[in-house]
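Structure first, commentary second.
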Amino acid sequence: ENPEYVAQFNARIDAGGFIEPKDWMPEAYRRTLVRQISQHAHSEIVGMLPEGNWITRAPSLKRKAILLAKVQDEGGHGLYLYAAAETLGVSRDELYEALLSGKAKYSSIFNYPTLTWADIGVVGWLVDGAAIMNQIPLCKCSYGPYARAMIRVCKEESFHQRQGFDLLLTMMKGTAEQREMVQDAVNRWWWPSIMMFGPHDHDSVHTETARWGIKRISNDDLRQKFVDATVKQAEVLGVTLPDPALKWNAERGHHDFGTIDWDEFWNVVGGHGQCNVDRLAERKRAWEEGAWVREAALAYAEKQAAREQR
Ligand code: 3HC
């Protein structure tokens, strides 16, 4: 690589500037962005499935409408992110093939089942809450199209988290059975939610993402921020977080918490979680059943282009 280009690129990054699609960039920068942005997009569209499962079962028209809007938003987030990845010279088909073949990853969190209606509230509250923590720093990521996609995503994410919290608050004011349902969901989703932030920093292999201004805050620091913010919210809700080691450490100014089960994490990331097979099968089915829509859209676009050339 031309040392002058590398120096200019690093200077732009160090000055907190954005790299745009037409700018020169190291091949490794492009590759790690394709990896992260496409896996982020995969996470969004696989993430539609756990909640989609409850759209027909929502307890009221209001909750159904809210959930429908949220799942639709996630599909849109996937679209922005696939479009951002395509600016790096990869095609949608290649990205999709990587997901459906199992080559590409998506967030571990979406491999857990949504067993009750309370899960829908907990997913909004904890999963979207963790996603917000992780996505806000990405609004300042050095790659322009990714940062800009994140600004729109973060605005919608805050609605996602608030509707989840509101759903749980309603249930916690309900019957004892509803309160137990919420606590049971919190018990199942708490640890997988803090796993969303990835391995401990000392096990985090992609150090290039920090050096190149993609990962602005480390996995462990974001996880800690999330734990600190969520403990108070859990108190307001009246639920307990399933971690006996969770307690305020005045010296650190943060909450200490227990040890994450990394075997569980890598087992799920490796494709052996409770729902990995179902989630991919569902995405595969959607891809195959949606082929006619893609063909029709492409045929229409070609007709339009031919018409414009006349
Ligand atoms: N699930 C699956 N794989 C994970 C993971 C998780 N929770 N955490 C880490 N990994 C993978 C990484 O992708 C990497 O594997 P790869 O080389 O095959 O990509 C490996 O584990 C090592 O982890 P690293 O920490 O070295 O990897 P990163 O530096 O990429 O950090 C990350 C991982 C923090 C997830 C980072 O990729 C990131 O910030 N991604 C963008 C945000 C994102 O994808 N969030 C996922 C949820 S999206 C969402 O929640 C949608 C919302 O609407 C609900």
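Which links in Lys64/Lys303; Lys155/Lys215; Lys155/Lys247 stretch past 27 Å when you go from one Cα to the other?
Result: Lys64/Lys303; Lys155/Lys247 exceed 27 Å.
Whole number in Å², please: accessible area per residue of the range 214-268, 1.4 Å probe, ligands, DNA and RNA not counted.
Numbers: 3050 Å² over 55 residues.
Roughly 56 Å² per residue, with all protein chains present.
Nothing charged except the Cβ atoms of Lys and Arg (+1) and of Asp and Glu (-1): what's the magnitude of the dipole of the range 43-161 about its Cα centre? Round to the nearest 20 debye.
The dipole of the range 43-161 has a size of about 300 debye.
Counting Lys and Arg as +1 and Asp and Glu as -1, each charge on the Cβ, what is the dipole of the range 196-310 about the Cα centre in debye, to the nearest 20? Walk me through the numbers on the way to the answer.
Values: 16 positive and 20 negative charges, 147 e Å.
That gives the range 196-310 a dipole magnitude of about 700 debye.
Apply the Karplus parameterisation 6.51 cos²θ - 1.76 cosθ + 1.60, with θ equal to phi minus 60°, to every residue of the range 52-59 and state each ³J(HN,Hα) to the nearest whole Hz, in sequence, with x for glycine and proline.
x, 4, 10, 4, 7, 10, 4, x
Using θ = phi - 60° and the Karplus relation 6.51 cos²θ - 1.76 cosθ + 1.60, list the HN-Hα couplings for the range 16-25 in order, rounded to whole Hz, with x at every Gly or Pro.
After applying 6.51 cos²θ - 1.76 cosθ + 1.60, I find x, x, 9, 9, 9, x, 7, 6, 5, 8 Hz.
For the range 38-194, what is the relative contact order in percent, using Cα pairs closer than 8 Å and at least 6 residues apart in sequence?
Computed value for the range 38-194: 26 percent relative contact order.
Ignoring GluC sites (Glu not before Pro) that are buried or in helix or strand per DSSP, and keeping those with at most 16 other beta carbon atoms within 10 Å, what is the longest stretch of the chain between them?
2-250
Tell me, what is the FRET efficiency for Trp292 and Arg162 to the nearest 0.05, using R0 = 30 angstrom and their Cβ-Cβ distance as r? Write down the numbers at each step before the final one.
Numbers: r = 37 Å, r/R0 = 1.24.
In this case the efficiency is close to 0.20.
222 nm [θ] for the chain, helices only, -39500 (n - 2.57) per DSSP H run of 4+, per residue, to 500? Before the final figure, lay out each step's value.
Numbers: 14 runs with 197 residues, N = 310.
Here the helix-only value at 222 nm equals -20500 deg cm²/dmol.
Cα gyration tensor of the chain, axes a ≥ b ≥ c as square roots of the eigenvalues: rounded (a/c below 1.5), prolate (a/b > b/c) or oblate?
Verdict is oblate for the chain.
Over the chain, what is the mean sequence separation of C-alpha contacts under 8 Å (at least six apart), divided by residue count, expressed as relative contact order in percent?
Contact order relative to length: 19 percent.
Quick one: Cα centre-to-centre distance for the range 110-131 and the range 46-96, in angstrom?
14 Å
Could you do me a favour and compute the accessible area per residue for the range 15-160, 1.4 Å probe, result in Å²?
Numbers: 5540 Å² over 146 residues.
Result: 38 Å² per residue.
Using the charge dipole of the range 112-230 (Lys, Arg: +1 at Cβ; Asp, Glu: -1 at Cβ; taken about the Cα centre), state which of Ala131, Met181, Pro199 has its Cα farthest towards the positive end.
The residue sitting most towards the positive pole is Ala131.
How high is the relative contact order of the range 198-295, in percent, counting Cα pairs under 8 Å that sit 6 or more residues apart?
Reported relative contact order: 14 percent.
Could you give the size of the charge dipole of the chain about its Cα centre, using +1 on the Cβ of each K and R and -1 on the Cβ of each D and E, expressed in debye and rounded to the nearest 20? Numbers along the way, then the final one.
Details: 37 positive and 42 negative charges, 186 e Å.
The calculation lands at about 900 debye.
Using a probe of 1.4 angstrom, how much of the accessible area of the chain is carbon and sulfur, in percent?
Carbon and sulfur together cover 57 percent of it.
Relative to a virtual label point 7 Å from the Cα of Asp93 in the Cα→beta-carbon direction, which members of the range 273-310 show backbone nitrogen distances below 16 Å?
287-302, by backbone N distance to the label point.
The values are calculated or read from the model by the stated rules, or taken from the named source; none is laboratory data. Since the model is a prediction, treat every value here as computed from it, not as a measurement. Don't worry about glycine lacking a Cβ; one is built from the backbone with ideal geometry, like all the others, and counts go over all protein chains shown. Areas reflect the complete protein model, heavy atoms only, side chains present, ligands, DNA and RNA absent. Shrake-Rupley method; radii C 1.70, N 1.55, O 1.52, S 1.80 Å.
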